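What follows is a set of notes on a single structure, which appears directly below.
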Amino acid sequence: MESAPSGTSSLAGRIAVVSGASSPGGIGRAIALRFASEGAAVLLVAEGTQEQLAEVKALCAAQPKAGRIESAQIDLGTDDGPGEMIATAERLFGRVDVLVNNAAVRATMPFGTYTRDQFDRVVAVNLAAPFFASQAVIPLMRRQGGGRIIHIASQLGHVTYDGRALYGLTKAALIHLTKSMAHELAKDGILVNAISPGPISTPAVADRPAAELEARFGPYLPGGRLGRPEEIAETALFLATTAPAFLQGHSVLVDGGYTNH
């Protein structure tokens, strides 16, 4: 059984888990809202504050078609965090149709200055968490006849940039994980793909001075603007619903043409 009917964007009656869902203006929040607007029941998971989670929960619940919306404050960088996320979804909903591994952290600095603690933290959240959350959800998806797993990678898993060696390493590994999972899980009806966003207008990016943004991204964005979190959410909706089962193991670049250069 597919986790959503082919040829429709509806998520009515489906259960989605979205990690990293609390950041204001973030990609995870946009995905959760888009899923709720298409009828999904959603478990919002984040390390952020209870106030942030309560805000996005209320926004999701206010969508006219939304199913049941729940939230859980979980640190996915701990050994138990990824399994706790899936166990919480199973306890609350009994199944998981779509898992979106979006939570991530950054450490931006020149290579040669990273500490082991920084390395371990970034790898734990960006790579180990999606790895073990996916392993935890597989038995559920197998029992229910299938499901969809979406990893949020990055254009920096494809290209390099100053100060992003560690972040890019985890995202490149996540793209490889996507391919490996897709290869092994297709027989179980589990569709696995990734999204690699380019420069997106999240607070971490858009709060910088306009001149800095123009100098950094302008020459590489033919459309002349940053992407919007909602555009990544539309891609996630496609992969969660209408994407054909033959689309397996891809990292969909949504980068405004940045990596064409």
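Here are some notes:
- Neighbours by Cβ (under 9 Å, 6+ apart or cross-chain): first from the range 34-62, free of Cβ contacts under 8 Å to residues at least 12 places away in the same chain; second among the hydrophobic types (A, V, I, L, M, F, W, C): Ala58/Ile69; Ala62/Ala36
One line per residue, one yes/no per condition, for (1) surrounded by fewer than 18 Cβ atoms within 10 Å (Cβ to Cβ); (2) among the acidic types (Asp, Glu); (3) in contact with a strand residue (DSSP E or B) (Cβ under 9 Å, 6 or more places away or on another chain):
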| position | (1), (2), (3) |
| --- | --- |
| Glu55 | yes, yes, no |
| Ala61 | yes, no, yes |
| Pro64 | yes, no, no |
| Arg68 | yes, no, yes |
| Ser71 | no, no, yes |
| Asp75 | yes, yes, no |
| Asp79 | yes, yes, no |
| Ile86 | no, no, yes |
| Gly94 | yes, no, yes |
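Residue-wise test of (1) at positive phi; (2) aliphatic (A, V, I, L, M); (3) under 12 Å from the mean Cα position of the chain (by Cα); (4) at pLDDT 95 or above.
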site	(1), (2), (3), (4)
Ala107	no, yes, no, no
Arg116	no, no, no, yes
Asp120	no, no, no, yes
Val123	no, yes, no, yes
Ala128	no, yes, no, yes
Ala136	no, yes, no, yes
Pro139	no, no, no, yes
Arg142	no, no, no, yes
Gly146	yes, no, no, yes
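- Listed by position, the helices (runs of 4 or more DSSP H) enclosed by the range 1-93 that each have at least 2 residues that are under 20 Å from Pro203 (Cβ atoms), touching a helix residue (DSSP H, G or I) at 6+ places or on another chain (Cβ under 9 Å) and at pLDDT 95 or above are 27-37, 50-61.
This table checks each residue for (1) under 20 Å from Phe246 (Cα atoms); (2) assigned to a loop (DSSP other than H, G, I, E, B); (3) among the polar types (S, T, N, Q); (4) out of contact with any strand residue (DSSP E or B) (no Cβ under 9 Å at 6 or more places or on another chain).
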| site | (1), (2), (3), (4) |
| --- | --- |
| Leu140 | no, no, no, no |
| Gly163 | no, yes, no, yes |
| Thr170 | no, no, yes, yes |
| His176 | yes, no, no, yes |
| Lys187 | yes, no, no, yes |
| Asn193 | yes, no, yes, no |
| Ser196 | yes, no, yes, no |
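- Enumeration of residues in the range 193-224 that are over 19 Å from Ile27 (Cα atoms) and surrounded by 22 or more Cβ atoms within 10 Å (Cβ to Cβ): none
- Residue within the range 239-257 that is within 14 Å of Ala30 (Cα to Cα), among the small types (Gly, Ala, Ser) and surrounded by fewer than 21 Cβ atoms within 10 Å (Cβ to Cβ) present: no
- Taking the conditions (1) surrounded by fewer than 20 Cβ atoms within 10 Å (Cβ to Cβ); (2) out of contact with any strand residue (DSSP E or B) (no Cβ under 7 Å at 6 or more places or on another chain); (3) in contact (Cβ under 8 Å) with a residue 60 or more places away in the chain; (4) closer than 30 Å to Pro199 by Cα in turn, Gly145 satisfies each one other than (4).
- Matching residues, the range 160-192, being surrounded by fewer than 22 Cβ atoms within 10 Å (Cβ to Cβ), touching a helix residue (DSSP H, G or I) at 6+ places or on another chain (Cβ under 9 Å) and farther than 28 Å from Thr115 by Cβ: Leu185, Asp188, Gly189
The values are calculated or read from the model by the stated rules, or taken from the named source; none is laboratory data. Keep in mind that this is a model prediction, so the values were computed, not measured. Every residue, glycine among them, receives a Cβ derived from its backbone with ideal geometry; neighbour counts consider all protein chains shown.
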